[in-house]
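The values are calculated or read from the model by the stated rules, or taken from the named source; none is laboratory data. Source: prediction; values computed, not measured. Using ideal geometry, Cβ is built from the backbone for each residue, glycine included, and neighbour counts are taken over all protein chains shown.
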Amino acid sequence: EGHTAHATSDGALDDARAMLEQYASLCEDLLAMPVMKGVKSPSERFAGAEETFTIEALMQNGWALQSGTSHFLGQSFGKAFDVTFQDQEGKQQDVWGTSWGVSTRLLGALIMMHSDDAGLVLPPRVAPVQVVVVPIPPKKNDEEGKAAMEKSLDDLVASLKAEGLKVKVDDRDYVRNGAKYFEWERKGVPLRIEIGPRDVKGGVCIFKYRTGSGEKETIDLGDAGKAASAGLEKMQSDLLEAAKERLAAGITMNATYEEMKEALENDEAGTYPGNGLFLVPWKCDAENEDKIKEECKATIRCYPLNVNEAGMAEGKKCFYSGEDATHMALFGRAF
């Protein structure tokens, strides 16, 4: 969260938009969560702000989640709190302000974005544990095997940490291996590595990623660190691409109001049958916006920046009133 004061309107507006880009990059680069960048409608705007920029993410059930906002406050808050500065001519002027932030709801977005029926799925770049190593110990009286296992395990962990990976060794002897596998899968750890006596003798270990085909891979111990690093980067990329595909497939373009109403009016979280977001031509009208919310529980998530800056609404009629459109609006159900 941040609050800034500026000498000019342009300076404050540039800062508000720059922070929106920072939040969008955070979501995409670290959380593997693509977002729609846009402007809130006047009725959804932060109270007292002149403009509210937002990032909106599409969850797997077809509902949107506002994931961060950045507000251009104009001079209203500076005046309200008597925050001034001395300009180059020595005169006191009211500052131009911004306010921006993300909250713990971003954690909810991360959980809902990637997780599956087996539990949590965490993108590798933000996982507190990126690799869990589960050693399968040799027989109790096999001292030679224990020594070989200890050396191989130490070398394996060292190679993983040399790649900058966050590693945990689960050597609890009171928990069955199958229970360990289930626990770490449910907790969303991106990569599980198994190593047993036969693997040690063969100079290999077994990789099992949290996502993907679900197949186990046999990896040479000497290559484990670099293989894990490359594999986790691929997992990060694959999660982002899958989420981008869901977002693209989840937006219906230029639907009629009746088509949107039919799709959304009875939609409840968890019963998502198809596209959840609707990008439509719209004439900015708070009264009509309220009517749509009452009729089918849909709200304007934003006026997307890319399509509106490209003039996509020009020459089109509002899908609700039939009047000349002022914006392309993104409607949908939201958390």
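Summary of values
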| item | result |
| --- | --- |
| Out of 12, 57, 47, 5, sole residue that is surrounded by 22 or more Cβ atoms within 10 Å (Cβ to Cβ) and farther than 30 Å from residue 245 by Cα | 12 |
| Test: residue in region 235-246 that is free of Cβ contacts under 8 Å to residues at least 40 places away in the same chain and in contact with a strand residue (DSSP E or B) (Cβ under 9 Å, 6 or more places away or on another chain) | no |
| Criterion (under 26 Å from residue 293 (Cα atoms), within 15 Å of the chain's Cα centre (by Cα) and among the small types (Gly, Ala, Ser)) met by exactly one of 115, 67 | 67 |
| Meets criteria (over 21 Å from the mean Cα position of the chain (by Cα) and in the same structural domain as residue 77 (by TED's automatic domain parsing)) for residue 175 | no |
| Selected residue (criterion: farthest from residue 200 (Cα to Cα)) from residues of region 121-145 that are more than 43 Å from the chain's Cα centre (by Cα) and assigned to a helix (DSSP H, G or I) | 143 |
| Strands (runs of 3 or more DSSP E) within region 26-118 that include 2 or more residues acidic (Asp, Glu) and outside the structural domain of residue 234 (by TED's automatic domain parsing) | 51-58 |
| Wholly within region 192-259, strands (runs of 3 or more DSSP E) carrying at least 2 residues that are over 21 Å from residue 182 (Cα atoms) | 217-220, 251-253 |
| Members of region 155-179 that are part of a helix (DSSP H, G or I) and farther than 15 Å from residue 131 by Cβ | 177, 178, 179 |
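Okay, residues lined up against (1) of a type in the set (Phe, Trp, Tyr); (2) surrounded by 17 or more Cβ atoms within 10 Å (Cβ to Cβ); (3) at pLDDT below 95:
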{"site": "143", "(1), (2), (3)": "no, no, yes"}
{"site": "157", "(1), (2), (3)": "no, yes, no"}
{"site": "165", "(1), (2), (3)": "no, yes, no"}
{"site": "185", "(1), (2), (3)": "no, yes, no"}
{"site": "202", "(1), (2), (3)": "no, no, no"}
{"site": "207", "(1), (2), (3)": "yes, yes, no"}
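This table checks each residue for (1) more than 16 Å from the chain's Cα centre (by Cα); (2) farther than 23 Å from residue 275 by Cα.
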| position | (1), (2) |
| --- | --- |
| 16 | yes, yes |
| 21 | no, yes |
| 28 | no, no |
| 44 | yes, no |
| 79 | yes, yes |
| 102 | no, yes |
